[in-house]
1. Filter the range 184-194 down to the residues that are touching a residue at least 12 places away in the same chain (Cβ under 8 Å) and more than 15 Å from the chain's Cα centre (by Cα), then identify the one that is farthest from residue 40 (Cα to Cα).
2. Do you know which of the residues in the range 24-43 that are crowded, with 17+ Cβ neighbours inside 10 Å and modelled with pLDDT under 70 is farthest from residue 65 (Cα to Cα)?
3. So which of 229, 224, 207 ends up being assigned to a helix (DSSP H, G or I), farther than 18 Å from residue 69 by Cβ, touching a helix residue (DSSP H, G or I) at 6+ places or on another chain (Cβ under 6 Å) and at pLDDT 95 or above?
4. State whether one or more residues within the range 47-57 are out of contact with any strand residue (DSSP E or B) (no Cβ under 7 Å at 6 or more places or on another chain), surrounded by 22 or more Cβ atoms within 10 Å (Cβ to Cβ) and modelled with pLDDT of 80 or more.
5. Regarding residue 119, is this residue surrounded by 23 or more Cβ atoms within 10 Å (Cβ to Cβ), under 20 Å from residue 214 (Cβ atoms) and touching a residue at least 12 places away in the same chain (Cβ under 8 Å)?
């Protein structure tokens with residue numbers, strides 16, 4: 001266990017320093033959610049979507065999870081580039097734990113997306129968001145868990161993909177229905193009954209509902225419980241799948 005922790009810290013430090021040197025990666029990662037916030041958010045200000053008519057309590061939680069969805073799901077592109085430059089091959093001959101090669105990367109991704117989430121919420125407060133601090137912190141936790149889960153799956157896919165052209169179409173094919181059926185931008189309760197029913201088969205929908213309940217200060221809501229269970233299940237399955245793939249592909 002000590003070796004796994006130290007190896008994970010070593011890998012995390014390597015990729016964290018890499019991210020810190022890339023100011024563009026840190027800044028532009030939150031660009032798309034920020035554009036939704038600035039250009040799409042004002043359209044909802046007169047709609048009574050959140051508690052006390054605060055539509056920002058509906059939009060901002062969705063944007064936080066959208067940030068994790070798109071940021072983490074494309075994380076595997078970096079691994080493909082590393083493979084093409086022989087970095088992964090060189091790591092195979094080191095004594096570093098193969099699982100640590102995964103954990104260090106996904107922890108870096110989660111940390112980066114959490115920082116971007118904080119910046120997004122600060123902008124949202126300037127735009128009119130009003131939410132309790134515990135609810136916001138819960139939102140950050142859900143964002144980090146989703147980032148860990150999706151980054152793990154992204155790296156699992158990247159271990160199988162030889163070139164980015166084989167990776168990106170698969171991610172896009174998954175992300176689009178995930179975004180539309182989870183209610184990231186508007187609650188699925190506004191959708192037709194058949195579409196609302198279909199969305200319950202999308203795990204991300206439960207996380208979105210949970211973060212919206214937290215931003216509204218409704219900590220006893222069943223949505224928060226269901227979201228926690230869905231997030232825990234997704235994290236467990238994703239990390240187990242990723243760890244298995246890294247043991248066999250990087251071993």
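The values are calculated or read from the model by the stated rules, or taken from the named source; none is laboratory data. Just so it is clear, the model here is predicted, and its values are computed rather than measured. Because the Cβ atoms are built from the backbone with ideal geometry, glycine has one as well, and the counts that use them run over all protein chains shown.
1. 188
2. Here the residue is 29.
3. 224
4. Scanning the range 47-57, I find at least one residue that is out of contact with any strand residue (DSSP E or B) (no Cβ under 7 Å at 6 or more places or on another chain), surrounded by 22 or more Cβ atoms within 10 Å (Cβ to Cβ) and modelled with pLDDT of 80 or more, so the answer is yes.
5. no
Here is a yes/no grid of residues against (1) buried (at least 21 other Cβ atoms within 10 Å of the Cβ); (2) in contact (Cβ under 8 Å) with a residue 24 or more places away in the chain; (3) assigned to a helix (DSSP H, G or I); (4) under 11 Å from the mean Cα position of the chain (by Cα):
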position	(1), (2), (3), (4)
115	no, yes, yes, no
130	no, yes, no, no
147	yes, yes, yes, yes
159	no, yes, yes, no
170	no, no, yes, no
